[in-house]
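The structure under discussion appears below in the form of structure tokens.
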């Protein structure tokens with residue numbers, strides 16, 4: 001199936017699903033498919049939308065007791081199968097048919113598999129695989145900027161096709177390479193494709209919190225709703241009467257809220273939340289159960305004119321392809337949704353299984369597998385204890401910790417991570433002309449393995465899984481007590497959030513019942529400084545007493561080490577006036593160096609007990 005691109009805009013759980021529908025009905029306006037009809041007319045055109053989101057460089061397949069599943073080689077094969085089936089199905093000669101393939105962003109993610117691409121160079125393995133999928137348009141997510149704008153430009157340059165990357169609210173003019181891609185219509189606010197004799201408009205959008213959760217440098221994320229509506233209006237004036245929104249706003253709830261202020265959108269595809277939408281008849285991927293299902297496929301939202309709009313998304317990691325069959329009348333009104341609509345699992349076994357795509361297997365899977373195997377074979381250390389890198393869980397509606405993890409409490413892996421950051425900065429401080437830091441921190445969002453690593457061998461692959469991003473170690477000198485207090489308050493302002501930090505060289509107590517630091521995530525404006533933190537000591541010296549009063553010695557300052565992402569305002573951290581100095585090592589390299597040279601290849605239970613060693617405690 002070949003789609004013709006016409007013009008680019010120049011300027012993007014419960015056990016039973018029935019119970020889920022009942023719970024969500026008031027929130028997202030879940031309605032039966034018939035309620036989505038905007039016309040009682042006959043079907044003139046049937047559009048099948050095949051989509052995914054949050055693939056995040058999960059290129060290699062996983063293995064279950066039944067066989068392989070997920071991975072881009074199986075994903076590509078299933079995408080081709082579903083597209084061919086959609087065009088061949090039905091015998092009504094009066095109904096035109098079309099198929100489009102869309103991604104809603106977070107197309108790659110740091111880690112061992114993506115590092116294989118960085119080691120190889122352009123074209124990246126993700127680019128090769130996604131090019132083989134044959135997307136008609138690709139949304140832009142926050143993780144697509146984790147390595148900065150130049151790496152994103154390299155990713156796009158690796159496509160042999162001219163696949164457009166779509167976002168209406170991103171201004172890339174401040175980045176020369178991305179600006180050149182925009183001038184070449186490779187990065188666009190919207191695109192129109194001709195498929196099955198009809199024109200379909202595709203508009204993109206990206207989360208406005210981009211600057212605080214990724215590294216876009218001079219890329220500006222503007223307000224979403226006005227930018228999207230402008231593109232929808234522009235397309236409508238051109239006579240385009242079938243419009244799909246592909247957005248990466250972080251959850252389907254965000255899309256639902258957005259649609260309430262829009263008109264003219266026919267289908268919304270969400271990205272960033274990886275919610276599993278599925279219907280009772282949909283087979284689920286290994287490891288998923290009915291309790292994993294967020295809601296039915298599709299959800300619905302009400303737009304500004306009162307129309308019901310289908311909202312769809314998929315669980316990420318190439319585990320599913322969403323298939324939405326939309327029937328339109330000759331005026332572009334939605335008549336109904338096809339019965340084939342639902343989540344299609346990506347598996348290599350069973351009646352719905354496919355064989356892995358040969359081209360993708362040869363060009364992507366084999367070299368990435370070999371690269372990862374080499375990392376896994378390189379043992380850097382042994383650990384006497386399991387290392388807790390779980391994200392952690394909080395009790396619904398509170399910040400009280402239910403399950404300890406790196407975003408909810410001190411853990412031994414968190415201690416290890418913060419120690420590695422501080423140790424590496426100390427080793428390099430003299431060479432870079434900065435003071436020797438004595439405090440280190442690592443934001444929980446930068447610790448990515450999301451698992452407990454068993455006691456035993458710790459490999460180079462583990463260091464990439466733990467510290468997955470392109471974050472560089474940096475030092476900020478001469479922070480005052482009040483500036484340190486502000487950073488500490490930020491670190492515990494949203495328990496369960498990625499800004500929750502792990503610490504080295506400092507101890508303190510915090511109280512989640514006390515006032516949290518209030519930070520606007522869109523612009524990092526602070527409306528309340530917070531008063532959760534007390535009992536702060538640095539190097540045995542009291543800095544704030546049990547009442548949170550500054551008792552630091554006169555003229556006291558401290559030198560702090562963390563990653564450049566955090567110093568640069570990531571997760572809305574603010575360290576006071578003045579700059580910071582990077583010291584020539586990524587945090588993954590810092591962890592590898594610390595394991596080998598700092599710890600002599602041995603992680604002991606005495607140094608890193610299972611529950612952490614009491615550096616900071618919840619009152």
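Points worth noting:
- Condition check for residue 535: part of a strand (DSSP E or B), touching a strand residue (DSSP E or B) at 6+ places or on another chain (Cβ under 7 Å) and either in the same structural domain as residue 435 (by TED's automatic domain parsing) or crowded, with 18+ Cβ neighbours inside 10 Å (or both): yes
- Only listed residue being surrounded by 19 or more Cβ atoms within 10 Å (Cβ to Cβ), within 25 Å of residue 602 (Cβ to Cβ), out of contact with any helix residue (DSSP H, G or I) (no Cβ under 8 Å at 6 or more places or on another chain) and modelled with pLDDT of 95 or more, chosen from 387, 422, 380: 422
Listed here are the residues, each with its yes/no results for (1) over 22 Å from the mean Cα position of the chain (by Cα); (2) outside any strand (DSSP E or B).
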| position | (1), (2) |
| --- | --- |
| 264 | yes, yes |
| 274 | no, yes |
| 280 | yes, yes |
| 306 | yes, yes |
| 318 | no, yes |
| 327 | yes, no |
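- Qualifying residue in segment 58-73 (condition: buried (at least 18 other Cβ atoms within 10 Å of the Cβ) and either part of a helix (DSSP H, G or I) or modelled with pLDDT under 70 (or both)): yes
- Residue 479 meets each of the listed conditions (1) part of a strand (DSSP E or B); (2) touching a helix residue (DSSP H, G or I) at 6+ places or on another chain (Cβ under 7 Å); (3) closer than 27 Å to residue 520 by Cα apart from (2).
- If you go through segment 305-324 and pick out every residue that is farther than 18 Å from residue 103 by Cβ and out of contact with any helix residue (DSSP H, G or I) (no Cβ under 7 Å at 6 or more places or on another chain), you end up with 3.
- Of the listed requirements (1) surrounded by 22 or more Cβ atoms within 10 Å (Cβ to Cβ); (2) over 26 Å from the mean Cα position of the chain (by Cα); (3) in a loop (DSSP other than H, G, I, E, B), residue 354 misses just one: (1).
- The residue list 207, 236, 222 contains one member that is in the same structural domain as residue 268 (by TED's automatic domain parsing), crowded, with 24+ Cβ neighbours inside 10 Å and over 20 Å from residue 50 (Cβ atoms), which is 207.
- Criterion violated by residue 591 - all others in (1) within 22 Å of residue 474 (Cα to Cα); (2) at pLDDT 95 or above; (3) surrounded by fewer than 19 Cβ atoms within 10 Å (Cβ to Cβ) satisfied: (3)
- Set side by side, the residues 480, 463 differ, and just one is modelled with pLDDT of 95 or more and under 25 Å from the mean Cα position of the chain (by Cα), which is 463.
- Residue in segment 250-259 that is surrounded by 24 or more Cβ atoms within 10 Å (Cβ to Cβ), at negative phi and not in a helix (DSSP H, G or I) present: no
- Some residue of segment 167-180 being surrounded by 24 or more Cβ atoms within 10 Å (Cβ to Cβ), under 15 Å from residue 244 (Cα atoms) and at pLDDT 95 or above: yes
- If you go through segment 357-370 and keep only what is more than 25 Å from residue 314 (Cα to Cα) and surrounded by 18 or more Cβ atoms within 10 Å (Cβ to Cβ), you end up with just 363.
- The residue of segment 575-588 that is surrounded by the most Cβ atoms within 10 Å (Cβ to Cβ), among those that are closer than 11 Å to residue 424 by Cβ and within 27 Å of the chain's Cα centre (by Cα), is 587.
- Each residue in segment 79-96 was checked for being under 10 Å from residue 354 (Cβ atoms) and surrounded by fewer than 23 Cβ atoms within 10 Å (Cβ to Cβ), and 3 of them qualify.
- Search result, residues across segment 335-351 that are exposed (fewer than 14 other Cβ atoms within 10 Å of the Cβ) and under 26 Å from residue 266 (Cβ atoms): 339
The values are calculated or read from the model by the stated rules, or taken from the named source; none is laboratory data. As the structure is a prediction and not an experimental result, all values here were calculated from the model. Here Cβ is always computed from backbone atoms with ideal geometry, including for glycine, and neighbour counts include all displayed protein chains.
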